[in-house]
Amino acid sequence: MAMIEVSKLHKWYGDFHVLQGISENVEKGEVLVICGPSGSGKSTFIRCINRLEEYQKGTVLFDGRDIQDKGVDINKLRAEIGIVFQQFNLYPHLTVLKNVTLAPLKVKNAAKEEAEKLALSLLERVGIHDQAHKYPAELSGGQQQRVAIARSLAMKPKVMLFDEPTSALDPEMINEVLNVMKDLAREGMTMLCVTHEMGFAREVADRVIFMDGGVVVEQAPPDEFFKNPKHERTKAFLKEIL
Ligand code: ADP
Ligand code: MG
């Protein structure tokens with residue numbers, strides 16, 4: 001059984017048919033990179049996977065369970081499927097440490113001491129434990145994004161979703177975030193990453209998916225995807241970004 005099984009997924013925003021039948025399985029430990037032109041439905045697709053968006057047709061199974069089933073506990077689902085956005089969305093009025101401990105304390109009823117211990121170890125893992133008592137505004141964009149990753153990891157997710165996590169960063173900060181993501185990938189995290197960082201895709205992706213117009217046009221392991229793209233739309237896209 002795959003960790004995530006998406007089958008014939010359709011979504012409409014009003015009359016607009018944004019996802020037009022997506023079927024994808026993601027195995028445990030697999031790293032998927034999703035690329036494609038702006039407006040192709042990449043964000044909508046990954047947001048459907050942790051129910052930040054509802055979909056109207058098709059199914060998403062996570063660990064064999066239909067995520068839109070009535071019995072599904074949405075907080076538990078979102079703890080198990082973390083998401084990191086382009087804009088870091090940290091709580092500005094909370095310190096870095098409190099940003100990371102908030103959800104474990106509130107959602108998981110963790111003990112304060114335990115939550116702080118875990119948070120500090122995660123901040124260490126993303127290379128910013130010395131910033132624990134600062135506020136988000138006192139950190140660079142790259143540091144804030146690493147806090148956002150630590151905050152997601154604090155819930156001990158089984159899957160991590162990334163939606164263009166480096167697109168809002170100054171160029172010199174992109175690598176510090178990509179390096180954290182590469183470490184996660186190598187440690188066996190199951191990951192779906194919307195990104196146009198093709199170096200990252202080459203290094204750690206198991207598969208690269210190209211979306212356009214609400215469908216998956218083409219997918220392949222990175223070597224093949226970059227060396228030998230089959231569809232004209234993929235070729236044109238790669239020409240633009242490489
Ligand atoms: P991508 O992430 O590939 O750029 P999105 O999933 O954000 O694409 O958007 C796909 C399409 O859906 C775009 O045309 C966008 O304008 C539209 N869209 C996105 N969010 C909404 C929304 N909340 N309501 C209506 N249309 C939306
Ligand atoms: Mg997007």
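Filtering region 115-140 to residues that are surrounded by fewer than 16 Cβ atoms within 10 Å (Cβ to Cβ), touching a residue at least 12 places away in the same chain (Cβ under 8 Å) and among the polar types (S, T, N, Q) leaves only 140. Would you confirm whether or not region 226-234 contains a residue that is among the polar types (S, T, N, Q), part of a loop (DSSP other than H, G, I, E, B) and touching a helix residue (DSSP H, G or I) at 6+ places or on another chain (Cβ under 8 Å)? There is no residue in region 226-234 that is among the polar types (S, T, N, Q), part of a loop (DSSP other than H, G, I, E, B) and touching a helix residue (DSSP H, G or I) at 6+ places or on another chain (Cβ under 8 Å).
Here the condition is being among the hydrophobic types (A, V, I, L, M, F, W, C), open to solvent by 50 Å² or more (accessible area, probe 1.4 Å) and either over 27 Å from residue 140 (Cβ atoms) or in contact with a strand residue (DSSP E or B) (Cβ under 7 Å, 6 or more places away or on another chain) (or both); of 72, 107, 60, 84, it holds for 107 alone.
Consider region 16-39 and keep the residues that are surrounded by 23 or more Cβ atoms within 10 Å (Cβ to Cβ) and within 13 Å of ligand 1 (Cβ to nearest atom). The one that is nearest to residue 189 (Cα to Cα) is 34.
So, residue 194, is that one within 16 Å of ligand 2 (Cβ to nearest atom), of a type outside the set (Gly, Ala, Ser) and either within 22 Å of residue 96 (Cβ to Cβ) or within 14 Å of the chain's Cα centre (by Cα) (or both) or not?
Working: within 16 Å of ligand 2 (Cβ to nearest atom): yes; of a type outside the set (Gly, Ala, Ser): yes; either within 22 Å of residue 96 (Cβ to Cβ) or within 14 Å of the chain's Cα centre (by Cα) (or both): yes.
Taking the combined requirement at face value, the residue satisfies it.
Selection of region 141-185 for residues being open to solvent by less than 30 Å² (accessible area, probe 1.4 Å), in contact with a strand residue (DSSP E or B) (Cβ under 6 Å, 6 or more places away or on another chain) and within 16 Å of ligand 1 (Cβ to nearest atom) yields 161, 162, 163, 165.
Annotation for region 221-228: no member residue is open to solvent by less than 40 Å² (accessible area, probe 1.4 Å) and charged (D, E, K, R).
Looking at (1) within 28 Å of residue 105 (Cβ to Cβ); (2) away from ligand 2 (no atom under 16 Å from the Cβ), which one does residue 29 not meet, given that it meets all the others? In the conditions (1) within 28 Å of residue 105 (Cβ to Cβ); (2) away from ligand 2 (no atom under 16 Å from the Cβ), residue 29 misses (1) alone.
The values are calculated or read from the model by the stated rules, or taken from the named source; none is laboratory data. Given the structure is predicted, the values throughout are model-derived calculations rather than measurements. Because the Cβ atoms are built from the backbone with ideal geometry, glycine has one as well, and the counts that use them run over all protein chains shown. With ligands, DNA and RNA removed, areas are computed over all heavy atoms of the protein, side chains included. Shrake-Rupley method; radii C 1.70, N 1.55, O 1.52, S 1.80 Å.
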